[in-house]
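What follows is a single structure, written as structure tokens, with notes after it.
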Amino acid sequence: MQEAFRRAVRYGAAIHYDTRTQSPYYRYTDERGRMHEVWFEDARSAQAKFDLVKSYRLRGLSYWVLGYPFPQNWRPLEDNFRIRKLT
């Protein structure tokens with residue numbers, strides 16, 4: 001997530017929020033003239049997914065992100081759910 005923000009700033013890309021998918025995204029053109037589209041998570045999109053879990057009264061959720069820390073996620077996660085770490 002942090003890299004997504006850094007890249008948006010680097011290329012001067014405006015970050016948009018898609019209300020249908022509840023996710024932020026942006027488009028940019030790199031130094032070689034190639035177009036890119038980047039979709040990522042932020043606290044708002046994570047909260048939308050947490051709200052969906054609660055609206056369906058699911059008994060839990062699980063997810064992972066390989067190699068990308070998302071520290072902004074922990075506070076909303078703790079505010080919405082009782083956290084149990086399973087090993």
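The values are calculated or read from the model by the stated rules, or taken from the named source; none is laboratory data. These numbers come from a predicted model, not from an experiment. Reconstructed Cβ throughout: ideal geometry from the backbone, glycine too, with neighbour counts over all protein chains shown. The accessibility values were calculated without ligands, DNA or RNA, using every heavy atom of the protein model including side chains. Shrake-Rupley method; radii C 1.70, N 1.55, O 1.52, S 1.80 Å.
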Between GLN72 and TYR17, what is the spin-label point distance in nm, taking each point 7 Å from the Cα along the Cα→C-beta axis? 1.1 nm
Accessible area per residue in Å² at 1.4 Å probe, computed on the stretch 8-87: 84 Å²
What's the angle, to the nearest 10 degrees (0 to 90), between helix 43-55's Cα axis and the longest principal axis of the chain? 40 degrees
Find me the longest stretch of the chain that has none of the exposed chymotrypsin sites (Phe, Trp or Tyr not before Pro), where exposed means in a DSSP loop (not H, G, I, E or B) with at most 15 other Cβ atoms within 10 Å. 12-55
Only helices counted: for the chain, with every DSSP H run of 4 or more residues adding -39500 (n - 2.57) and the sum spread over all residues, [θ] at 222 nm is -9500 deg cm²/dmol
If one builds a Gaussian network model of the chain from Cα atoms under 10 Å apart, the most fluctuating residue listed among ARG75, ARG32, ARG20 is ARG32
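What GluC sites (Glu not before Pro) in the chain are in a loop by DSSP, with at most 14 other Cβ atoms within 10 Å of the Cβ?
Passing sites in the chain are GLU31.
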So, in nm, how far is label ARG27 from label ARG82 when the simple model puts each one 7 Å beyond its Cα toward the Cβ? 4.7 nm
Expressed as a percent, the accessible surface of the chain that is carbon or sulfur, using a 1.4 Å probe and the full set of protein chains, is 53 percent
Rounded to the nearest 0.05, what FRET efficiency is calculated for ARG7 and SER55 with R0 set to 30 Å and r the Cβ-Cβ distance? 0.40
